[in-house]
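S.K.: Before I ask anything, here is the structure I am working with.
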Amino acid sequence: MENILDQIALCIEYGKINEAAPYPPELKGKPGADELTKLALQQGLSADEILNSGFINGMNRVGKKFSEHKIFVPQMLMSAKAMNTGMEHLKPFFKSGEAKRKGVFIIGTVAGDLHEIGKNLAAMMIEGEWLGGDRPGKDVKTEKFAETVKYYPGCVVGLSALLTTTMVNMASTVSVLKKEFPGIKILAGGAPVNNDFCLQIGVDFMLPTRKKQFSTLINFLIRKRISDDRKNKKYRQ
Ligand code: B12
């Protein structure tokens, strides 16, 4: 009998959403990501374990199969749906941090890019831990980011890109936002985004490794807030 995290990874890999879902036929009548995630939490597994060893493990297999042409977009969509369904049960755990809003973090996937799971996850962590979030969504054009920043002066912006082809749009969004809003802090994330690229396009912060990423990110945001408060003379110099 496989352990429950393997079973969850399998549901993500094959896009098995819940017990009632007829797809995939070989898992018909079996529990899906929905039931198994609930069960794993009841068994005392942490949201982090479920996310990393269940969801992300499954998604990595999906990515590998897709790049080897063993599956296609419809299968990836089913996997995304299964992961989103399971994620609903983890949300309260990621959001259980300090509730007070200390600033606004806005996050979106750049123009042309429809991947939203990673940025939703980042938004959830950040909203729970430190800042209030506002999400312009996916496939967000530069003008939409600029409009949102105008609405929330002093906000921190997070940009996500999952495709090497949309990374260029990240570069143009950063360039416009930096010009229109001097001093704005921009974070970037997404599998193909690396440190060299961030330095090259003028991003202020990127996440080094998956493991420590969110605590590092939150420290960055806290430092930014303290420096803003200093500027506003809330601290003695
Ligand atoms: C699910 C998926 C899809 C789904 C997305 C559904 C959705 N609602 O999001 C669908 C089916 C729509 C899709 C479509 C496509 N996809 Co796709 N997709 C994936 C897949 C399997 C998983 C992505 C994912 O959600 N991962 C899980 C999350 C949690 O991880 P993550 O996104 O990396 O996020 C983490 C960090 O990066 C970080 N993070 C992310 N963003 C940000 C932002 C900030 C500010 C911060 C701080 C952190 C942060 O936080 C997260 C937590 O760890 C990947 C393969 C893979 N394993 O990554 C391919 C993959 C990304 N897709 C790929 C491709 C090619 C496509 C298509 C072009 C396919 C096609 N021919 O149509 C289209 C493009 C559509 C478009 N215009 O965007 C390629 C990209 C190759 C490349 N390097 O360019 C991949 C790598 C698959 C592959 N191996 O070839 N895809």
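Any read-out appearing in this document is the output of simple, stated calculations on the displayed coordinates, not a laboratory observation. Treat the numbers as computed from the prediction; the structure is a model and nothing was measured. For neighbour counting, all protein chains shown are included, and Cβ atoms are generated from backbone atoms with ideal geometry for every residue, glycine included.
S.K.: At q = 0.20, 0.22, 0.23 Å⁻¹, what base-10 log of I(q)/I(0) does the Debye formula yield for the stretch 4-94 when every alpha carbon is treated as an equal point scatterer in vacuo?
M.R.: Log-scaled intensity ratios, in q order: -0.83, -0.99, -1.06.
S.K.: Roughly how many nanometres apart are two label points built 7 Å out from the Cα toward the Cβ at Lys178 and Glu88?
M.R.: Computed distance between label sites Lys178 and Glu88 equals 4.1 nm.
S.K.: Can you give me the Rg/Rh ratio for the stretch 119-202, using Cα atoms for both radii and the Kirkwood formula for Rh?
M.R.: Here the Rg-to-Rh quotient is 0.93.
S.K.: In the structure shown, do any of Lys28/Lys91; Lys119/Lys141; Lys16/Lys65 have a Cα-Cα gap over 21 Å, and if so which? Walk me through the intermediate numbers first.
M.R.: Numbers: Lys28/Lys91 27 Å; Lys119/Lys141 16 Å; Lys16/Lys65 16 Å.
In this structure, Lys28/Lys91 lie more than 21 Å apart at Cα.
S.K.: Between Glu49 and His69, how high is the FRET efficiency from 1/(1 + (r/R0)^6) when r is the Cβ-Cβ distance and R₀ = 25 Å? Nearest 0.05. Kindly include the intermediate steps, with their values, before the conclusion.
M.R.: Details: r = 32 Å, r/R0 = 1.26.
It comes to 0.20.
S.K.: Along Cα→Cβ, 7 Å out, is where each label goes; now give me the distance between the ones at Gln200 and Val168 in nm to one decimal.
M.R.: The modelled label-to-label distance comes out at 1.2 nm.
S.K.: Something else about it: Roughly how many debye, to the nearest 20, is the charge dipole of the stretch 4-94 about its Cα centre, given +1 on each Lys and Arg Cβ, -1 on each Asp and Glu Cβ, and no other charges?
M.R.: In total the dipole reaches around 260 debye.
S.K.: With Cβ to Cβ distances under 12 Å as the rule, what net charge do the other residues near Ala146 carry (K, R +1; D, E -1)?
M.R.: On the way: positive: Lys141, Lys144, Lys150, Lys178, Lys179; negative: Glu143, Glu147, Glu180.
Neighbour charge sum, excluding Ala146 itself: +2.
S.K.: For Glu19 paired with Tyr151, estimate the spin-label separation in nm (one decimal), with each label point 7 Å from Cα along the Cα-to-Cβ line.
M.R.: My value for the distance between the label points is 4.1 nm.
S.K.: Hey, another quick one. Only counting other Cβ atoms within 10 Å, I'd like Val104, Val157, Val203 sorted with the fewest neighbours first. Write down the numbers at each step before the final one.
M.R.: Details: Val104 18, Val157 26, Val203 22.
Ascending number of Cβ neighbours within 10 Å: Val104, Val203, Val157.
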